[in-house]
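Working notes for the structure below.
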Amino acid sequence: MSRWNLATPTEVWSKVGGGIPVPHEKGDRFLAHPDGPDGIFLMVDRDGDGDVDSKVKGVGGFVALRSKTKDGKDVHYGVRFRKAGSDWEYACSSTMTGKIAGLPITLIDIDGNGRWNDYGVDGLILGKGKNAGFLSKVISLRDELMNLEVSEDGTDVKLTPFEGETGEVEFSIESRGRLAVATVSDLTGKVSFAFEKNGKQVVPVGKYAITGGLLTKGKEQARLATGKMRSVTVASGKVAKIEIGGSVTADFRYELADGKLTVKPEIHYYGQSGEEYVEWLPDNKSPKITVFDSRKKRPVESGRFASC
């Protein structure tokens with residue numbers, strides 16, 4: 001996809017290094033390397049023949065990698081690139097699509113390692129939506145839990161009925177932004193479920209917490225992470241609540257020495273359950289920090305600092 005329009009619970013950008021680790025008939029990666037002064041260009045072998053014949057310039061770009069596997073299957077893998085100092089980074093811009101039990105299924109190689117079956121890392125969409133959860137060993141298909149197996153190359157998918165004990169997660173969010181997706185995963189990270197709105201979901205028994213997600217508001221966005229959240233226990237036949245959002249608190253450090261107050265620039269934002277809001281775009285700024293004179297009860301200084 002030259003224009004990436006899928007919402008994923010996390011996004012992974014990796015250094016290009018010596019190439020893109022997607023195996024094909026002639027090797028284990030498509031070669032790529034920076035070129036020109038200060039790595040101003042990125043040269044990419046887009047067809048796997050060993051010649052870096054495609055040039056990416058400016059602040060970023062897109063290249064479609066095409067070749068064959070050793071057993072003759074087509075390899076089509078889209079990659080987004082962006083400039084990072086004198087180096088370059090890449091992220092997957094490709095999907096594997098098909099149908100399972102008559103329902104559209106989309107796999108996303110979120111970590112860009114050329115494998116499509118990294119449970120709890122790669123992405124999964126069931127249906128025709130644009131919002132992905134994490135690839136899970138157990139999925140909900142037409143309100144029934146099923147075990148899901150995916151081959152490494154993403155071309156083979158298998159379903160079997162889930163036969164373990166189950167309970168329910170009741171998810172809710174209080175936010176002025178729009179929830180694209182929030183993922184709730186067990187402690188192994190291999191079983192997860194995606195929520196696009198408040199609601200209940202039948203899940204295998206276990207301990208669950210927020211592991212990823214995306215919220216948007218206009219051109220702004222923030223991602224969800226576990227942060228300081230404690231897991232909730234889903235017991236057999238019981239309902240466990242996961243409530244996020246609400247009043248968000250800012251956590252930062254400061255030092256007071258010789259009458260001088262120094263505020264550390266690292267800042268963390270946490271919701272009501274301890275979930276963290278990260279990767280704000282565009283880069284957010286901290287809340288306004290005001291220093292008060294405790295005797296006169298009036299402000300003596302205030303300011304903000306940029307936060308990543």
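Things worth noting here:
- Of (1) 1.40; (2) 1.00; (3) 1.17, the label for Cα Rg over 2.2 N^0.38 Å derived from the coordinates: (3)
- Flagged links, alpha-carbon separation over 24 Å, of LYS128/LYS207; LYS137/LYS197; LYS190/LYS219; LYS130/LYS197: LYS128/LYS207; LYS190/LYS219
- Placing +1 on each Lys and Arg Cβ and -1 on each Asp and Glu Cβ, with no other charges, gives the chain a dipole about its Cα centre of roughly 1380 debye.
- Long-range HN-HN contacts of THR8 with modeled amide H, under 5 Å: ALA132
- Shape category assigned to segment 21-163 from the gyration tensor of Cα positions, a/c cut at 1.5: prolate
- Amide H partners (placed H, <5 Å) of THR166, local residues excluded: VAL205, GLY237
- Most mobile of VAL75, VAL138, VAL184 in a GNM of the chain (Cα contacts under 10 Å): VAL75
The numbers here are math on the coordinates, done by the rules we state, and not lab data. Quick caveat, the model's predicted, so the values are computed rather than measured. Quick reminder, even Gly has a Cβ in these numbers, built from the backbone with ideal geometry, and neighbours come from all protein chains shown.
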